[in-house]
1. Could you grab me the full set of residues in segment 67-81 that are open to solvent by less than 10 Å² (accessible area, probe 1.4 Å) and either acidic (Asp, Glu) or in a helix (DSSP H, G or I) (or both)?
2. Just checking, which of 210, 214 is part of a helix (DSSP H, G or I), modelled with pLDDT of 80 or more and surrounded by fewer than 24 Cβ atoms within 10 Å (Cβ to Cβ)?
3. Within segment 164-196, work out how many residues are more than 16 Å from the chain's Cα centre (by Cα), under 21 Å from residue 96 (Cβ atoms) and open to solvent by 10 Å² or more (accessible area, probe 1.4 Å).
4. Report, by residue number, each residue of segment 428-481 that is over 17 Å from residue 298 (Cβ atoms) and of a type in the set (Val, Ile, Thr).
5. Could you say whether any residue in segment 125-132 is under 24 Å from residue 324 (Cα atoms), open to solvent by 50 Å² or more (accessible area, probe 1.4 Å) and in contact with a helix residue (DSSP H, G or I) (Cβ under 9 Å, 6 or more places away or on another chain)?
6. For residue 353, are the conditions met, namely being farther than 14 Å from residue 305 by Cα, of a type outside the set (Gly, Ala, Ser), open to solvent by 10 Å² or more (accessible area, probe 1.4 Å) and out of contact with any Leu (no Cβ under 9 Å at 6 or more places or on another chain)?
7. Would segment 150-161 turn up any residue that is surrounded by fewer than 24 Cβ atoms within 10 Å (Cβ to Cβ), touching a Gly at 6+ places or on another chain (Cβ under 9 Å), on the phi < 0 side of the Ramachandran plot and of a type outside the set (Ser, Thr, Tyr)?
8. Criterion first (basic (Lys, Arg) and either modelled with pLDDT of 85 or more or not in a helix (DSSP H, G or I) (or both)) does residue 281 satisfy it?
Amino acid sequence: MVEDGGEEEAEGESGEVPAAPQQQQQRCNGFLPGKEAAGGGQRAAPAAPEAEEMLAAGGERREARLETRLSRRRLAVLAVFSCYSLVNAFQWIQYSILSNVFAGFYGVSFTQIDWLSMVYMVAYVPLILPATWLLDARGLRLTALLGAGLNALGAWLKCGSLAPQRYPLTLAAQAVCAVAQVFILGLPSRIASVWFGPTEVSTACAVAVLGNQLGTAIGFLLPPVLVPNTPNDIDLMAHNISIMFYGTAIVSTLLFFLAGVVFEEKPKYPPSHSQAVLQTKPPEDYSYKQSIINLFRNIPFILLLISYGIMTGAFYSVSTLLNQMIVTHYEGEEVNAGRIGLTLVVAGMVGSIICGLWLDYTKTYKQTTLIVYILSFIGLLVFTFTLDLGYLIVVFVTGGVLGFFMTGYLPLGFEFAVEITYPESEGTSSGLLNASAQIFGIIFTLVQGKLTTDYSPRAGNIFLCAWIFVGIILTALIKSDLRRHNVNSGIMNLDVKAVPVDSPVEPESTTLKIQSAL
């Protein structure tokens with residue numbers, strides 16, 4: 001078995017799935033509506049024997065069968081994506097973890113340094129819809145190259161900001177990296193769905209998200225080591241910053257070229273039945289606007305959209321303000337603040353992988369998401385009330401527990417969204433989740449930062465606890481309708497239609513149907 005380009009296909013997962021008829025399709029998942037069947041109702045797709053009878057009678061309907069196989073290239077695609085996502089996350093946090101150093105170097109306030117982190121959130125919100133449209137209209141390869149290329153461009157622009165009076169240039173460079181992020185954060189679930197089989201899709205998504213988390217972890221660890229606080233020697237500080245900036249630029253450029261070599265639009269054969277079904281749909285019938293409308297009519301998705309935004313926004317806020325929280329109670333401990341951040345994220349990486357493996361094994365999306373949400377709430381409470389005890393080892397432990405659950409939640413939200421919105425585009429649902437996270441992240445960072453500065457870190461953290469409790473309630477209200485899992489399990493008719501979750505049509509059926517006009 002050979003893939004296009006001479007690559008061998010991985011053995012193991014292989015099968016066939018009936019494809020939808022090769023005619024004008026009518027779908028509710030972003031595809032333009034078709035015709036009503038005679039008699040006022042919508043006509044369901046006939047079974048294969050009936051289709052043969054229709055062909056004998058002069059009908060045009062035909063059957064096709066598609067193989068499903070796993071491509072070995074999928075591992076290279078996942079690795080390269082994870083690496084350049086890592087570099088992008090590193091560039092996000094590298095200023096915040098050294099907020100006192102960069103405030104002194106550029107001669108600006110802490111709030112202006114916080115904006116070097118928040119620009120990632122601000123840029124994401126207005127650009128996410130164009131970015132997800134580009135992903136759906138122009139495909140995975142172009143979107144991946146834009147993310148990797150802009151990431152490298154922003155890194156090189158930072159190399160020109162190595163002087164105290166050049167804060168505007170470093171802000172502009174960070175804004176370019178923020179735009180790159182728009183083309184990165186929505187890809188994990190798309191890469192997992194397009195390239196990986198049903199028994200590994202959640203794990204693949206977790207690994208893709210893990211790359212971003214690892215970048216945050218390295219961003220907590222390396223900058224305090226590379227750029228120690230030397231307020232009496234600005235030239236030495238500039239030299240140390242240059243090492244960090246130039247190293248990042250070189251690595252991100254290499255990854256851009258690797259992305260150009262490795263990324264393809266999709267494998268030769270679909271990796272799962274759900275992907276095989278989607279690939280039979282004619283692209284000219286796709287309506288991005290209709291897809292967005294359907295997502296906002298999906299009540300469980302709206303509840304997940306808000307709850308995911310609360311949890312991830314809280315994580316962004318804690319990450320941005322961690323340095324300030326630590327040095328408030330432990331003066332001069334910038335390096336340990338970075339190490340605590342590292343502990344938080346590395347523990348979250350472990351949580352992400354465990355959660356991904358657990359989902360692939362059990363498919364208990366709602367239960368797992370709710371439990372992790374509750375444990376994140378408990379973890380933040382413990383972190384809040386032990387932060388000022390005067391023992392850094394306690395902060396390391398509580399930070400690790402908090403990170404395990406809070407960061408481990410991120411891939412859960414992506415995969416749960418794909419399940420309850422299938423067959424909508426994974427990039428669109430993930431993009432909207434990330435947009436919600438950025439909005440909540442901006443609000444939480446500004447409010448928590450103000451509370452931390454004017455009162456104490458405890459006041460800011462209690463503010464976050466209150467919101468996470470709201471998120472628990474919203475998560476408990478989500479109806480678990482595992483549409484993609486049903487398709488991969490064979491719980492489907494020959495053709496399938498995605499209807500709004502709150503639609504009164506066939507409420508007793510959990511079967512997904514794809515409807516086509518004859």
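1. Those that are open to solvent by less than 10 Å² (accessible area, probe 1.4 Å) and either acidic (Asp, Glu) or in a helix (DSSP H, G or I) (or both): 77, 81.
2. The match here is 214.
3. Selection size over segment 164-196: 9.
4. 439, 442, 443, 445, 447, 452, 453, 462, 468, 470, 472, 473
5. Looking for residues that are under 24 Å from residue 324 (Cα atoms), open to solvent by 50 Å² or more (accessible area, probe 1.4 Å) and in contact with a helix residue (DSSP H, G or I) (Cβ under 9 Å, 6 or more places away or on another chain), one finds none in segment 125-132, hence no.
6. Judged against the criteria, residue 353 is not a match.
7. no
8. The answer is yes for residue 281.
The values are calculated or read from the model by the stated rules, or taken from the named source; none is laboratory data. The model shown is predicted, which means the values in this text are computed figures rather than measured ones. Virtual Cβ from ideal backbone geometry, glycine too; neighbours counted across all protein chains shown. In case anyone asks, the SASA skips ligands and DNA or RNA and just uses the protein heavy atoms, side chains included. Shrake-Rupley method; radii C 1.70, N 1.55, O 1.52, S 1.80 Å.
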